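These notes are about the structure you will find just below.
Read-outs: derived from the displayed coordinates by stated rules, not from any lab. Because the structure is a prediction, the values reported are computed rather than measured. Here the Cβ is made from the backbone with ideal geometry for all residues, glycine too, and neighbour counts use every protein chain on show.
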Amino acid sequence: MRLACDPHTHTLFSRHAYSTLEENIRAASAKGLELLGTTEHYSAMLYPEDDLRNFQYYENLHVWPREVGGVYLCHGAEADIVDLDGNLFGHDIRFDYHFSGRRFKEPRLLKDIVSKECDYIIASVHDRTFARAATRAQMTRAYLGALDDPKVFILGHIGRSGLDVDYDEILIHARELGKCIEINNHSLMGPRRASSYPRCRAIAERCAELGVSVVTSSDAHISYGVGDFGAVERLLDEVRFPEELVVTRSRDAFLAALDAALGA
Ligand SMILES: [Zn+2]
Ligand SMILES: [Zn+2]
């Protein structure tokens, strides 16, 4: 199966990633990818203070060309799920002023400012503190709530997060909304593999059985990792994953699924 899109990658903006946008695009083009999604971390891990000047990156995304070197460019964010309702980072951070100093007519939420120009959002859990005392039902509901966000198209690396949830309930809700579960190459590599692999494999098997769409991604934090799907390909082969559920098989399939889910 050909995996033609990489919808989850990071650039220098994510602070613990190392390449520029241009370097990632060159890598994607050299590997023959049809679509590259740049999804910077959007969470409390970036900056210690809530200051809109730190997030102005998201207000100018329209300057990107749509296609470079044969690669269609999507821009988005990888937003942290921050509570048991499935809210995303910034949902409760309000600003009265634009970063240029102009006063807003009405206060605006960081989450709305950031997501406005995003083609889609990947919702992920990184800091699990909020989930520490949660029951299985509560944590499941958090993922369901995140899926309900109108900009969320993908649930990021739910296998790696390792939270105790009812996977079937989450997968079925994703299917109802036409949204995608991520099969993340990074989760299947290096030190993460031992704990993540069995969960990621079980999730892939259930997606196949329930007819849930998936995206495959590198989650690259350096250009050399863009389009690196070796471990994902092996996993999909092992479980004989049906190709028609892999929306990253082509740019057209990815964009059609995105349009159907978010009405972009
Ligand atoms: Zn990261
Ligand atoms: Zn990521």
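What to note about this one:
- Within-15-Å neighbourhood charge of I222 [Cβ basis; K, R +1; D, E -1]: -3
- For the chain, the relative contact order comes to 23 percent (Cα pairs under 8 Å, sequence separation of at least 6).
- The chain, helix-only ellipticity at 222 nm - DSSP H runs n ≥ 4, -39,500 (n - 2.57), divided by all residues, nearest 500: -9500 deg cm²/dmol
- Relative to the compact-globule estimate of 2.2 N^0.38 Å, the Cα radius of gyration of region 160-212 comes out at 1.14.
- Neighbourhood charge, 10 Å Cβ-Cβ cut-off, centred on V165 and excluding it, Lys, Arg +1 and Asp, Glu -1: -2
- Alpha-carbon centroid distance for the pair region 186-249 / region 1-62, whole angstrom: 20 Å
- Overall form of region 1-43 per C-alpha gyration tensor (a/c, 1.5; a/b vs b/c): oblate
- Antiparallel bridge percentage (DSSP; both residues within the chain; nearest 5): 20 percent
- Checking every one of the trypsin sites (Lys or Arg not before Pro) in region 41-139 against DSSP loop status and a limit of 14 other Cβ atoms within 10 Å picks out R66, R102, K116, R128, R132.
- Rounded, prolate or oblate (a/c below 1.5 giving rounded, otherwise prolate when a/b exceeds b/c) for the chain by Cα gyration tensor: oblate
- Relative exposure of V239, V152, judged by other C-beta atoms within 10 Å (fewest first): V239, V152
- Per DSSP, loop chymotrypsin sites (Phe, Trp or Tyr not before Pro) in region 44-114 with at most 16 further Cβ within 10 Å: F99
- Cα gyration tensor category, rounded, prolate or oblate, for region 108-264 with a/c compared to 1.5: rounded
- Formal net charge of residues neighbouring E34 (Cβ-Cβ distance under 14 Å; K, R +1; D, E -1): +2
- Modelled label positions at R94 and E233, each set 7 Å beyond Cα in the direction of Cβ, lie 5.1 nm from each other.
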